[in-house]
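The values are calculated or read from the model by the stated rules, or taken from the named source; none is laboratory data. Bear in mind the structure is a predicted one, so any value in this text is a computation, not a measurement. Neighbour counts are summed over all protein chains in view; Cβ atoms, including those assigned to glycine, are modelled from backbone coordinates with ideal geometry.
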């Protein structure tokens with residue numbers, strides 16, 4: 001199947017950590033083949049980005065302003081957009097200004113593995129400044145390949161991409177080069193919903209013996225417009241224009257009894273946001289122009305020593321607010337972060353060929369501009385072999401902490417986006433129990449979780465100040481259930497997911513009548529993804545999401561939604577290198593508002609032709 005061009009093993013890695021007992025993610029190759037989690041790996045409205053595969057993933061909730069590839073917040077298990085981090089190699093790359101730009105990773109997803117969703121103890125031990133989840137990517141071995149992709153669609157959509165990769169052997173090592181470029185423009189499915197994107201990537205790779213070294217240079221220039229994008233007022237034609245530069249160096253070595261990986265990165269983001277494109281301003285308060293940079297070093301690995309398996313990781317980062325027209329109410333314009341995590345685990349046998357794995361450790365977080373924190377991590381896993389697979393039962397506790405961004409801390413307390421200089425380190429304590437069963441061509445899991453969020457940063461609405469959004473701290477209890485099932489037949493891949501959430505909040509003395517994020521969640525969310533190989537030349541792909549949102553007084557659409565993406569893929573009978581896709585996003589043309597008051601993306605249709613050589 002065309003869809004199986006995605007690494008099956010990598011997709012399986014996105015399931016509950018329980019499915020792999022206590023094995024580190026670098027050793028997932030032993031897991032049996034499993035169906036994919038999503039059917040449509042390409043969007044209808046533009047070229048693919050790191051958010052595309054997350055749109056219908058049963059564990060990740062995408063809240064987008066316009067196209068998900070334009071601007072998207074990623075929430076997991078009832079967390080907020082700043083609670084989910086993006087990890088490339090060993091380093092988690094945080095946007096210091098606002099978590100709204102956390103997904104601004106200017107990298108062609110073809111240069112990366114399929115994402116792994118880390119939650120619970122795995123997130124605590126491998127993530128950084130991300131309280132609930134981490135979206136983790138590794139860097140695959142380069143293979144010789146090339147492709148050109150051209151597409152057209154409704155609303156004057158034009159998009160294209162090209163990628164070329166080559167390798168050569170020299171003096172006992174393999175050297176690789178990969179370049180990638182993409183461009184997209186269109187008028188959008190609503191008035192003042194136009195976009196223009198450009199992305200360029202260069203990758204160098206060296207593989208010698210038990211080591212792999214990579215250098216990725218990436219740049220993206222992204223302009224998108226969407227009414228009420230951040231304010232929630234659909235009458236305001238808002239625009240956001242960002243230029244993002246990323247340099248990432250990664251080195252991985254396999255050891256005789258483990259592995260180690262090191263990463264260094266530099267990221268710069270230049271942002272020009274206008275809440276009304278009819279009255280653009282520049283260089284003055286109210287122009288909302290910001291430029292930030294952050295860089296850091298990270299290391300992680302796993303080593304077997306003294307009958308224990310030692311997982312360790314650490315990261316040191318520095319960020320700086322280079323300039324801003326509006327984030328100037330605090331002396332905070334730069335800070336250091338530091339985090340170190342270590343967790344030994346021990347495996348011992350019990351009757352009936354079962355094994356018990358106990359993992360225990362700690363996370364130490366430090367910053368030059370806030371309090372430090374130490375958080376425990378503990379889990380215990382019972383693994384039972386079954387016919388053609390295994391059953392696992394896992395109980396875990398994980399503590400995490402993170403710091404708020406510059407927009408929340410430095411914005412004027414009385415402006416359009418009211419800041420709060422008194423915000424402090426956010427903390428979370430999570431309790432999770434997961435039961436999973438794996439078969440030769442299917443896998444299922446059920447997780448129950450409870451989380452206590454302390455000083456969680458939310459943006460709220462008050463009737464007494466109806467034109468402003470205010471950053472406030474909230475203490476919140478989150479409980480939920482997450483069910484996953486994946487099954488594969490000869491011609492059909494099926495993925496099912498369901499999540500139930502319940503929240504209790506305490507904003508203290510803050511005047512809050514509605515919440516844009518913390519209380520903007522689906523009590524019930526179900527996903528169904530199916531890919532069906534009709535014959536040797538045609539494949540049908542369907543992704544569906546049904547959600548029942550908790551009532552929000554600012555939402556003007558229905559609280560429930562049925563969202564569907566569909567595509568029909570074709571391979572040329574004369575030339576297997578030529579494929580084509582007819583794609584439709586929001587097939588039902590549902591008007592559900594991911595953010596209260598912000599218009600939904602309408603139905604989008606596109607036709608795409610790809611030539612691989």
Residues satisfying the stated conditions in the range 366-380, i.e. out of contact with any helix residue (DSSP H, G or I) (no Cβ under 9 Å at 6 or more places or on another chain), in contact (Cβ under 8 Å) with a residue 40 or more places away in the chain and either buried (at least 21 other Cβ atoms within 10 Å of the Cβ) or part of a strand (DSSP E or B) (or both): 367, 373
Unique residue being at pLDDT 95 or above, touching a strand residue (DSSP E or B) at 6+ places or on another chain (Cβ under 9 Å) and either within 30 Å of residue 358 (Cβ to Cβ) or exposed (fewer than 15 other Cβ atoms within 10 Å of the Cβ) (or both) when the list is 252, 307: 252
Residue within the range 216-233 that is modelled with pLDDT of 95 or more, more than 26 Å from the chain's Cα centre (by Cα) and outside any strand (DSSP E or B) present: no
Tally, over the range 501-543, of residues that are loosely packed, with under 14 Cβ neighbours inside 10 Å and either part of a strand (DSSP E or B) or within 26 Å of the chain's Cα centre (by Cα) (or both): 3
Selection count, the range 583-596, where residues are out of contact with any strand residue (DSSP E or B) (no Cβ under 8 Å at 6 or more places or on another chain), surrounded by fewer than 21 Cβ atoms within 10 Å (Cβ to Cβ) and within 25 Å of residue 469 (Cβ to Cβ): 1
Residue 482 being buried (at least 21 other Cβ atoms within 10 Å of the Cβ) and within 23 Å of the chain's Cα centre (by Cα): yes
Failed item in (1) part of a strand (DSSP E or B); (2) more than 24 Å from the chain's Cα centre (by Cα); (3) without any contact (Cβ under 8 Å) to a residue 60 or more places away in the chain, with residue 461 passing the rest: (3)
Among (1) assigned to a strand (DSSP E or B); (2) surrounded by fewer than 16 Cβ atoms within 10 Å (Cβ to Cβ), the one test that residue 413 misses: (1)
Sole exception among (1) out of contact with any helix residue (DSSP H, G or I) (no Cβ under 6 Å at 6 or more places or on another chain); (2) under 30 Å from residue 613 (Cβ atoms); (3) surrounded by 14 or more Cβ atoms within 10 Å (Cβ to Cβ) for residue 559, by number: (2)
Qualifying residue in the range 44-59 (condition: surrounded by fewer than 24 Cβ atoms within 10 Å (Cβ to Cβ), within 27 Å of residue 194 (Cα to Cα), touching a helix residue (DSSP H, G or I) at 6+ places or on another chain (Cβ under 6 Å) and at pLDDT 95 or above): yes
Among (1) under 18 Å from residue 408 (Cα atoms); (2) assigned to a strand (DSSP E or B); (3) modelled with pLDDT under 95 - the single one residue 330 does not satisfy: (2)
Unique residue being surrounded by fewer than 21 Cβ atoms within 10 Å (Cβ to Cβ), in contact (Cβ under 8 Å) with a residue 12 or more places away in the chain and within 29 Å of residue 270 (Cβ to Cβ) when the list is 297, 327: 297
Residues being assigned to a loop (DSSP other than H, G, I, E, B) and either touching a helix residue (DSSP H, G or I) at 6+ places or on another chain (Cβ under 8 Å) or surrounded by fewer than 19 Cβ atoms within 10 Å (Cβ to Cβ) (or both) - total across the range 255-285: 9
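A quick yes/no check of all residues on (1) assigned to a loop (DSSP other than H, G, I, E, B); (2) within 13 Å of the chain's Cα centre (by Cα); (3) in contact (Cβ under 8 Å) with a residue 24 or more places away in the chain:
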residue	(1), (2), (3)
48	yes, no, yes
68	yes, yes, yes
85	no, yes, yes
103	yes, yes, yes
114	yes, yes, yes
Flag for residue 79 being modelled with pLDDT of 95 or more, assigned to a loop (DSSP other than H, G, I, E, B) and either over 22 Å from residue 138 (Cβ atoms) or touching a helix residue (DSSP H, G or I) at 6+ places or on another chain (Cβ under 7 Å) (or both): yes
Test result for residue 245, in a strand (DSSP E or B) and out of contact with any strand residue (DSSP E or B) (no Cβ under 6 Å at 6 or more places or on another chain): no
Residue within the range 381-404 that is under 27 Å from residue 100 (Cβ atoms), in contact with a strand residue (DSSP E or B) (Cβ under 8 Å, 6 or more places away or on another chain) and not in a strand (DSSP E or B) present: yes
Selection status of residue 124, touching a residue at least 12 places away in the same chain (Cβ under 8 Å), out of contact with any helix residue (DSSP H, G or I) (no Cβ under 6 Å at 6 or more places or on another chain) and surrounded by 22 or more Cβ atoms within 10 Å (Cβ to Cβ): yes
Exclusive hit being at pLDDT below 95 and closer than 25 Å to residue 483 by Cβ, set 576, 559: 559
Search result, residues across the range 438-453 that are out of contact with any helix residue (DSSP H, G or I) (no Cβ under 9 Å at 6 or more places or on another chain) and either at pLDDT below 95 or farther than 24 Å from residue 401 by Cβ (or both): 439, 440, 441, 442, 444, 446
